[in-house]
Amino acid sequence: MKKFLFYLFLSFILSFSIFGHDVRFETIETNATIVKIKFGDDTPYSHEKCEIFLKENNIEKLYQVVFTDPNGMFAFAPIKDGDYKVKCFREDGHGINFQLNKKNSVPILEKSNLSDQIIRYLIGISLIFGLFFLLWKYKNFVTY
Amino acid sequence: MTKQIILFYLSFIFTSSLVCHDLWLDAKDSNLILRYGHLFSRETQELTYQSNQIQKVQCFDKKVKYKWNYPLRLSKSCPIHWIEFTTGFWTKTHTGLKNDHPKKFTDPIDAWESWELLKYLQQWTSSYQKPFTDNLEIVPLENPLLLKEGDKIQLQVFYNYKPLSNVSVSYRDDVRGNTDSNGKIRIRLQEKGLQLIKVSYTIKGEIRKIYTSILSFKI
């Protein structure tokens, strides 16, 4: 019995060390932020390295190193609240630096970012509508 | 969900923009110095280059022999400077873009050869209304040095001395339109100072060559 218990204990200890080196995976359903990086002409910033730094006590610590996928995207799901600085730099000098802020212990949601061109189109459309509205008001003012 | 979105604060603060590279001449004392980088991004970003990346330096209408090192210095007296510059082969790999020939990588995704050409105009005669090289070249069809901020300029794009149709022309990194069937385009010079008008053209091949030609002058 003593011998049996000894072997049982030994196998238990050994199995722990085996589990320690074992690499496993699981998929988690979570609200990760999908960061999409692209050039001005919508070409994806694909297969490029980005480094993410977490700013703590005014010190930037390397938090994560990622490569963008063929669509210029990477997933970002930080546990800690804080200011995360993303630095992407390509060998030809094209790069981007931006900041992602996570507050109130809730995961960062995916957010699409309007390009300058779309903003310009929206401003243009708003101005046209505004002008028509002013003309309509003026016409009404003159009529009555 | 809306509450969540309000609660969650996510800001994207872009401190640099993603644009093509510029090649320009910067006036310093009695010289013009060749600069490479991003002139019209939020901050002027200058990149260092190697002197062997400069393949050709020519002065039109004047015989000048050039020898160069980094940075390239040119005289202000030349009517038109022409510079051919290459950063060589670029290979897209799964671990980023590399400045090397695709043969050096086992599984390249894409590859190209990049050329930048700069034509800097300081004087004008009507004979300048034609291309000087067999390369990709933007030719002004009127004296650009007489123009002011807000004026329009008529341009013609050539490759191998032939007009190049349907290529996009950009001004200060904004695409202004495509050339017509005669390779012509009219664009407005929106800002005073150094002008950079750019056109790109790709020559297909085993490894494609991307040419970017810049017309530059001051108003």
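The values are calculated or read from the model by the stated rules, or taken from the named source; none is laboratory data. Note that the coordinates shown come from a computational prediction; the quantities given were computed from them, not determined experimentally. Using ideal geometry, Cβ is built from the backbone for each residue, glycine included, and neighbour counts are taken over all protein chains shown.
Would you check which residues across region B:155-177 are of a type in the set (Lys, Arg) and in a strand (DSSP E or B) and list them? Those that are of a type in the set (Lys, Arg) and in a strand (DSSP E or B): B:Lys162, B:Arg176. Only a single item in (1) small (Gly, Ala, Ser); (2) within 28 Å of B:Asp26 (Cβ to Cβ); (3) touching a strand residue (DSSP E or B) at 6+ places or on another chain (Cβ under 9 Å) is not met by B:Ser127, and it is number (3). Of all residues in region B:29-64, those satisfying the criterion of being away from every other protein chain (no Cβ under 13 Å), exposed (fewer than 12 other Cβ atoms within 10 Å of the Cβ) and modelled with pLDDT under 90 are B:Asp29, B:Ser30, B:Lys63. For region A:33-61, filtered to residues that are charged (D, E, K, R) and part of a loop (DSSP other than H, G, I, E, B), the residue that is farthest from the other protein chains (Cβ to nearest Cβ) is A:Asp42. Within region A:33-56, the set of residues being modelled with pLDDT of 85 or more and farther than 30 Å from A:Ile79 by Cα comprises A:Asp42, A:Thr43. Inside region B:43-81, residues that are under 15 Å from B:Leu118 (Cβ atoms) and in contact with a helix residue (DSSP H, G or I) (Cβ under 9 Å, 6 or more places away or on another chain) make up a count of 6. Close contacts from region B:14-31, counting a first residue that is on the phi > 0 side of the Ramachandran plot and a second that is at pLDDT below 50, with Cβ to Cβ under 9 Å and a gap of 6+ residues or different chains, come to none at all.
State whether the residues of region A:22-32 include one that is surrounded by 10 or more Cβ atoms within 10 Å (Cβ to Cβ), modelled with pLDDT under 80, within 14 Å of chain B (Cβ to nearest Cβ) and under 30 Å from B:Glu46 (Cβ atoms).
No, region A:22-32 has no match at all.
Among residues of region A:39-52 that are in contact (Cβ under 8 Å) with a residue 12 or more places away in the chain, those with a beta-carbon under 6 Å from a residue that is of a type in the set (D, E, K, R) at least six positions away or on a different chain give the pairs A:Pro44/A:Lys38; A:Tyr45/A:Lys38; A:Glu48/A:Arg90; A:Glu51/A:Lys87.
One residue stands out among those in region B:65-107 that are surrounded by fewer than 14 Cβ atoms within 10 Å (Cβ to Cβ) and of a type in the set (Val, Ile, Thr): the one that is nearest to the other protein chains (Cβ to nearest Cβ), which is B:Thr95.
Any residue at all in region B:109-128 that is within 30 Å of A:Phe39 (Cα to Cα) and without any contact (Cβ under 8 Å) to a residue 24 or more places away in the chain? The answer is yes, given that some residue of region B:109-128 is within 30 Å of A:Phe39 (Cα to Cα) and without any contact (Cβ under 8 Å) to a residue 24 or more places away in the chain. A:Leu100 - would you say it is of a type in the set (A, V, I, L, M) and either exposed (fewer than 12 other Cβ atoms within 10 Å of the Cβ) or in a loop (DSSP other than H, G, I, E, B) (or both)? Answer is no for this residue.
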